Each structure stands twice: as C-alpha cells, then as structure tokens.
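The values are calculated or read from the model by the stated rules, or taken from the named source; none is laboratory data. Since the structure is predicted, the reported quantities are computational estimates derived from the model, not experimental observations. Here the Cβ positions follow ideal geometry from the backbone for every residue, glycine too, while neighbour counts run over all protein chains shown. Only protein heavy atoms, including side chains, enter the accessible area calculation; ligands, DNA and RNA are left aside. Shrake-Rupley method; radii C 1.70, N 1.55, O 1.52, S 1.80 Å.
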Amino acid sequence: MNRAELADFLRRGRARLEPSDVGLPPGSRRRTPGLRREEVASLAGMSVDYYTRLEQRRGPHPSRQMLTALARALRLTDDERDHLFHLGGEEPPRREPTSSHVRPGLLLILDRLHDTPAQVMSDIGEILAQNALAKALAGDASARPRRDRNLARRFFLDPATQDLFPPEDRPLLARAQVAGLRAVTAARPDDREATALVAELRAASEEFARLWTDHEVSVRRSSTKRFRHPVVGLLELDCEVLLSHEHHHQLVVYTARPGTESHERLQLLRVVGLQNMAPIRYSG
C-alpha cells in the first residue's frame, strides 16, 4: 500500500468533482473547489474519520469493498479505478469479457482509412469489422458464420487459411496465435468463450496442442507480416495495433512502405478490389 500516493490521488479526485456531478445540491459557499470530505465519505458509505485518515496518510489498509466504494464515489474511469486498487495494495477487479459490439469511434476511424487495409478484432482473434481493402486482402469475414470469423480457429483447423502466408512464416505465426490466447486466458480465466476456444483447438489440432504445452505468452503488438495474395502477389506489410482496453478490441492497420514493391502491389489491390478474388481466407 502506498499511503502517500493514495492520499494524493484521493484529494485530487475529490477536488475535480462538483456536487452536481454526483447528484448533490450545491449547498453553502465553498472555500475550495470540489467535494468536501464528508460528502465523499457519505457517497462511499464510510465514516468521515476513516476517509480523513486515508487522505492524511495514516489510514488502515482499505478493503477491496472500500476501494470499490471510493471508485464509485469519485466517479473514476476503469483505468483510474485500477490505479486506486494498485495504490491500495490490491489487484484490480477483472474487466468484463470481450464484447462483439464495436464502439462507434473505432468504426469511424475504420471508415476513414481508405487506402490501407484495417480491421477491428477481439483479443481472442474474432474479426468484428473490416474496411474494403482488408476484405480485398484477406476475404470478407462478414460473409461467414460468426464462429468462422475467428482467426485462430481458422488458422489451425482450416489448412487453406495458412495458404495466405509464405510457408516459412507459418511456424512463427502459429506460435504468436497460441501465445496470444495464453495471455488472454490467464488474464480472464472466467471468460467462457476464450476457454472454450482453447479447449476446442487443443482437442482438434495437434500443432496447437503441442505449442500450448510450451507455455509461451505474448500480446499482439506492431510487427511486419507477409501475405500471399492470389491476384497481386506477395505483400510485406507493417502491422500496427491500436488497443481499446475497455472492450478488449484491437484496431489492426496494415501499411506498405512507400517506394517498395509491396506499396505498388497494395495500390493495385485497391484498384482490383474484391473482383477476381480467390476463395475467402482470413488473416490477422
């Protein structure tokens, strides 16, 4: 427990709120901005003395229930709540399992990326949304049933999916898929969808089962990935990953370096679009 940092964080959190922010009447004139200590204590369901001691760096170790009440009283965001728990010497509550609902802001960004492939994915590998160039690169995921939109499932259970990548790249891609799922299931052991996916792949894929026993862990990050497109040929693309922690979503953007052959082929793919496409495949 970091008493000094906890006290400072509580004071600053209290100072930035007005009574109207938490449904309280303005009351008498205030000498300093923000809520009074007794107001925060009341909102959190604790004694004024207990809360005052926390702000004065002499309070006891707060319980998880007390930290949750303080986070609610101070209207903290998820990140701020997690920070409060860390300062109080507790592990933050686990976030909600991944959702298939994509925030409007992410969809707006996706719609504005006209000249580069981009897609929104869950952290267990499900494609949730694509722009037109992503569909041209790797197939339209929305044309498939939901279970067939998961990249890890298709990579290990559908041999045709691996054809999108050069053979020499596939072992590394397989390890990355497994290591990513390791990280997710460790972070969210109660996520039934992630747990069921791992169980399915361990039972159905010898390769997945073998890699799973290696216990490698990684989170999807920026990288370079090569694609074998049936019309324009081999593309080497830089893969940038932007995270939306609230819903465990990732905005994945693929770009080609200007002046390279891959850049020219990506421009050609933009012209070709979805015409003359080979059978649908998926990548991530």
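Tabulated data for the structure shown
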read-out	value
Net +/- balance of residues flanking residue 13 in space, Cβ distance below 15 Å, scoring K and R +1, D and E -1	-1
Calculated FRET efficiency for the pair residue 144/residue 103, C-beta based, R₀ 30 Å, to 0.05	0.85
Debye intensity ratio I(q)/I(0), log10, the chain, q values 0.07, 0.10, 0.11 Å⁻¹ (C-alpha model)	-0.39, -0.67, -0.75
Contour minus Cα-Cα distance for residue 38 and residue 199 (0.36 nm per residue)	52.9 nm
Accessible solvent surface per residue of the chain, calculated while the other protein chains remain in place, 1.4 angstrom probe, Å²	53
Carbon + sulfur, % of accessible area of region 33-151 - ligands and nucleic acids excluded, 1.4 Å	49
Mean residue ellipticity (222 nm) of the chain, computed from DSSP H runs ≥ 4 via -39,500 (n - 2.57), nearest 500	-13000 deg cm²/dmol
Accessible carbon and sulfur surface of region 152-205 relative to its total accessible area, %, 1.4 Å	57
Pairwise label distance in nanometres, residue 2 with residue 169, each label 7 Å out on the Cα-Cβ vector	4.1
Whole-Å semi-axes of the ellipsoid equivalent to region 134-256 (Cα gyration tensor, √5λ, descending)	23, 17, 15
Per-pair calculated FRET efficiency, R0 = 25 Å: residue 222 and residue 271 via Cβ, rounded to 0.05	0.35
Per-bin percent of Cα-Cα distances, region 1-139 [10 Å]	11, 31, 20, 17, 15, 6, 0
DSSP H segments from the chain that extend 20 Å or more along their own axis, Cα-based, with Kyte-Doolittle mean of 0.0 or above	170-187
Contact order relative to length of the chain, as percent, for alpha carbon pairs under 8 angstrom and 6 or more apart	17
Förster radius 45 Å - calculated FRET efficiency between residue 243 and residue 210, Cβ distance, rounded to 0.05	0.95
